[in-house]
Amino acid sequence: MDNGARMTTAQSLVENVLQLISLPEIYLRLQQVIDDPDHTREQVAEIVAYDPSLSARVLRIANSSYYSFPREIETVGSAVGIIGELDLRNLVLATSVVGSMNALNYRAVDIDEFWLHSLRCGITARQLARSAGGFNPEILFLAGMLHDLGILVIYQQDAALAAVIARQIEDKHQLRDQAEREVLGFDHAEVGALLLEAWGLPRELAGLARCHHQYQLAQDNVQAALMLAMANLLTETGATVAIESDPRLAAMLEQLDMDRDTLAEIVDISDRQAAEVKNIVLG
């Protein structure tokens, strides 16, 4: 571990960020209503309608190819019916986290590229889950959107630390998570998982975030961890390169009993959906 990083822990990084950001109120209110067994769809729609920007996003995504509904959706209530309450909650969470995290200042991170990668990873993971089965596709979408939050936590706080890790990546030709573990003793996957846990989000999300670079370490939801890792690999290295030549992907495909042609179709659908909804989700 680098001498300058010895006193840094994953937990301390998260605690510092928690002083600056929290989950938005509208998400917390929405979660509270959905948790009430006697709630109505109208109550859910009312919370969404309270925020005009969110209402517009919900209507736009309900009318996008992401859901491919055959007729135009004109009201928030109808959009809730099409999207579903739990998927709506996930969408609100994803868009809210983007807004909250963007309020911080970052060093050595291209924030637009960061979120585009996250969105593409989420949509690809969602399509993999739809094709392979075995796990909720919308939870995997959310995991893809949030899996790299640890990067923002680390690089928001310490410019010198960011520079040390960048040199490690360049000089030793390491992957980012490998360089972080060597310099810090932990990586951004662990930091992101701790942040999701501190926010009180579903346990599955933290577990998936924690092993998105090392899916073999997953103790629960093993196939979902594999699909998230695959989606991350495809969106990090470029889908065409990965599909044609990356040996890591060959092992993943074998475990999912999926062929390269099917994967190429999934990537094509994901790319088209990401292009359509990126301005809606990312703002």
Taking 0.36 nm per residue of separation between N279 and D220 and subtracting their Cα-Cα distance, the length gained on full extension comes to 17.9 nm
Residues Y106, Y50 in order from fewest to most other beta-carbon atoms within 10 Å are Y50, Y106
Taking a ≥ b ≥ c as the square roots of the eigenvalues of the Cα gyration tensor, with a/c under 1.5 meaning rounded and otherwise prolate when a/b exceeds b/c and oblate if not, segment 18-103 is oblate
Checked against the positive end of the charge dipole of the chain (+1 on Cβ of Lys and Arg, -1 on Cβ of Asp and Glu, about the Cα centre), the farthest of L205, S55, A45 is S55
Counted neighbours (other Cβ, 10 Å), sorted fewest up, put F69, F135 in the order F69, F135
Within the chain, excluding any GluC sites (Glu not before Pro) found in a DSSP loop (not H, G, I, E or B) and having at most 11 other Cβ atoms within 10 Å, the longest uninterrupted segment runs 75-283
Least to most buried among L20, L253, by other C-beta atoms within 10 Å and fewest first, runs L20, L253
Output row, site E265, 7 Å Cα→C-beta label point, backbone N cut-off 20 Å, window segment 48-90, residues 65-69
The FRET efficiency for D35 and A103, from their Cβ-Cβ distance with R0 = 25 Å and rounded to 0.05, is 0.40
Helix 137-146 sits off the longest principal axis of the Cα atoms of the chain, rounded to the nearest 10 on a 0 to 90 degree scale, by 50 degrees
For the chain, the Debye formula with one identical point scatterer on each Cα and no solvent gives log10 I(q)/I(0) at q = 0.08, 0.10 Å⁻¹ as -0.34, -0.53
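Rule-based calculations on the coordinates, nothing more; no lab input. Worth saying up front: this structure is predicted, and the values here are computed from it rather than measured. Heads up, the Cβs are rebuilt from the backbone with ideal geometry, glycines too, and the neighbour counts pull from every protein chain shown.
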